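I have placed the structure first, in the form of structure tokens, so that the comments after it can refer back to it.
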Amino acid sequence: MAWVQAQVACLLRETTELSVTRRSGWAICLVVCAALFCAQAFSAPTWEQVQAFYAYDASAPLDAEAEEPVDSGILSVQTVRFRSVNDEMVPATVSRPKTEGKVPVILFLHGLGGSRADSAKVAPLLAGQGVAIVSIDAAHHGDRRAEGGAMFSADLEMMVKGFRQTIIDNRRALDYIASRDDLDAERVVLVGVSMGGILGSMVASLDERILAPFLIVGGGDLVGILQTSEIGVAQEIRQQLQSSEAVREQAAFIEPTNFIANLSPRPLLMLNGRDDKIVPAAAGEALFAAAQEPKRIVWYEGGAMEGHMPPFDVLIPMLAGFLKDQGLIAGP
């Protein structure tokens with residue numbers, strides 16, 4: 001086992017290079033296989049192993065490309081692209097209020113099937129508060145969508161690679177925020193919705209530049225979600241995968257409950273629905289139970305939820321309170 005762990009560490013050092021080479025391409029494949037082998041040998045990796053799996057070179061050039069900002073009336077909206085691991089150019093949207101100086105930032109993670117464009121539903125509501133929103137397209141989403149690719153899949157290797165890529169991409173987004181003189185890298189919170197809540201729990205746990213996460217209808221216990229969720233992709237996966245234990249072992253490096261305890265002492269806020277059929281209540285309970293204090297979860301029953309998502313008249317006041325608590329906006 002010690003030899004395998006040493007090989008994982010070695011291969012991870014290789015994959016932090018951002019240039020495309022045949023060698024790094026093979027290294028990426030090998031590191032996933034090695035990590036999965038490790039996960040099969042122990043269902044709960046150590047925090048040091050998790051950190052090594054998501055290590056990357058933060059000093060590598062971003063090679064950022066920025067389009068001209070678009071004036072939306074109350075916001076300046078800009079499309080940018082920056083370089084991440086595996087030589088991926090990651091598309092992002094920066095929605096910034098028209099105020100002078102550095103402004104605080106929400107790193108927004110969209111849900112399954114969504115894109116960075118989803119941040120446009122929230123950005124105008126916060127423009128008057130002087131808060132910017134930065135959001136990327138997750139792997140296999142938005143401008144990165146490609147035939148045959150999927151974030152959730154019976155192809156567990158693709159699933160692990162997609163999670164790892166997206167988590168590091170969001171950390172590269174933090175690097176990009178720090179490179180701008182109009183965004184305050186010292187005041188960044190994370191807001192994740194559904195799949196974004198699942199991924200966001202891991203991003204925030206791994207990266208201390210996040211002051212706090214607000215996870216909306218996110219959860220833990222991925223195997224439990226895949227076994228009980230009524231979303232179509234989960235039903236398809238259930239038909240193709242027979243052994244839940246095999247999935248649990250191979251998914252150890254993308255299981256949120258193996259991350260969230262390391263968020264503390266930073267605070268956690270969660271919003272979940274008791275009758276949610278997409279991310280069941282048990283998934284929210286599992287993630288919350290694995291977290292350390294300070295933590296808070298708010299539950300909404302039946303009519304307070306519109307299917308999977310809470311209505312805006314519930315969500316926005318909670319978001320405003322969260323931003324006040326973290327000192328991003330002024331409170332009454």
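The values are calculated or read from the model by the stated rules, or taken from the named source; none is laboratory data. All values derive from a computational prediction rather than experimental measurement. Note that we place each Cβ from the backbone using ideal geometry, even for glycine, and neighbour counts take in every protein chain shown.
Here Ala58 fulfils each of the conditions (1) in contact with a helix residue (DSSP H, G or I) (Cβ under 6 Å, 6 or more places away or on another chain); (2) of a type in the set (A, V, I, L, M); (3) surrounded by fewer than 17 Cβ atoms within 10 Å (Cβ to Cβ); (4) modelled with pLDDT under 95 apart from (4).
Looking at the stretch 201-223, which of its residues are under 19 Å from Trp299 (Cα atoms) and in a helix (DSSP H, G or I)? Listed by number, the list holds a single entry, Ser201. Return the pair list, or none, for Cβ contacts closer than 8 Å from residues in the stretch 178-191 that are in the same structural domain as Leu319 (by TED's automatic domain parsing) and closer than 12 Å to Val134 by Cα to residues that are of a type in the set (Val, Ile, Thr) and not in a strand (DSSP E or B), at least 6 apart or on different chains. What qualifies is Leu183/Ile177; Ala185/Ile177; Val188/Ile177; Val188/Ile210; Val189/Ile210; Leu190/Val203; Leu190/Ile210; Val191/Val122.
For (1) under 30 Å from Leu323 (Cα atoms); (2) in contact with a Pro (Cβ under 6 Å, 6 or more places away or on another chain); (3) surrounded by fewer than 20 Cβ atoms within 10 Å (Cβ to Cβ), each residue gets a yes or a no:
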position: Asp87; (1), (2), (3): no, no, yes
position: Ala92; (1), (2), (3): yes, no, no
position: Lys98; (1), (2), (3): yes, no, yes
position: Leu107; (1), (2), (3): yes, no, no
position: Gly113; (1), (2), (3): yes, no, yes
position: Ala117; (1), (2), (3): yes, no, yes
position: Ala139; (1), (2), (3): yes, no, no
position: Gly149; (1), (2), (3): no, no, yes
position: Met158; (1), (2), (3): no, no, yes
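Among residues of the stretch 126-138 that are in the same structural domain as Val203 (by TED's automatic domain parsing), those with a Cβ under 8 angstrom from a residue that is among the acidic types (Asp, Glu) and in a helix (DSSP H, G or I), sequence gap 6+ or separate chain, pair up as Ser135/Asp118; Ile136/Asp169; Asp137/Asp143; Ala138/Asp169. When every residue of the stretch 236-247 is checked against the conditions, none turns out to be in contact with a Gly (Cβ under 9 Å, 6 or more places away or on another chain), surrounded by fewer than 18 Cβ atoms within 10 Å (Cβ to Cβ) and of a type in the set (Lys, Arg). Regarding the stretch 172-184, can at least one residue be identified that is closer than 30 Å to Glu285 by Cβ and surrounded by fewer than 24 Cβ atoms within 10 Å (Cβ to Cβ)? Yes, the stretch 172-184 contains a residue that is closer than 30 Å to Glu285 by Cβ and surrounded by fewer than 24 Cβ atoms within 10 Å (Cβ to Cβ).
With respect to Val103, is the statement that it is on the phi < 0 side of the Ramachandran plot, β-branched (Val, Ile, Thr), touching a residue at least 60 places away in the same chain (Cβ under 8 Å) and in contact with a Gly (Cβ under 9 Å, 6 or more places away or on another chain) true?
Working: on the phi < 0 side of the Ramachandran plot: yes; β-branched (Val, Ile, Thr): yes; touching a residue at least 60 places away in the same chain (Cβ under 8 Å): yes; in contact with a Gly (Cβ under 9 Å, 6 or more places away or on another chain): yes.
When the stated conditions are applied, Val103 passes them.
Of all residues in the stretch 74-117, those satisfying the criterion of being acidic (Asp, Glu) and over 24 Å from Ser201 (Cα atoms) are Asp87, Glu100. Checking every residue in the stretch 275-294 against the condition of being of a type in the set (S, T, N, Q) and surrounded by fewer than 14 Cβ atoms within 10 Å (Cβ to Cβ) gives at least one match. Among the candidates Phe163, Phe214, Phe259, the residue that is more than 22 Å from Ser119 (Cβ to Cβ) and aromatic (Phe, Trp, Tyr) is uniquely Phe259.
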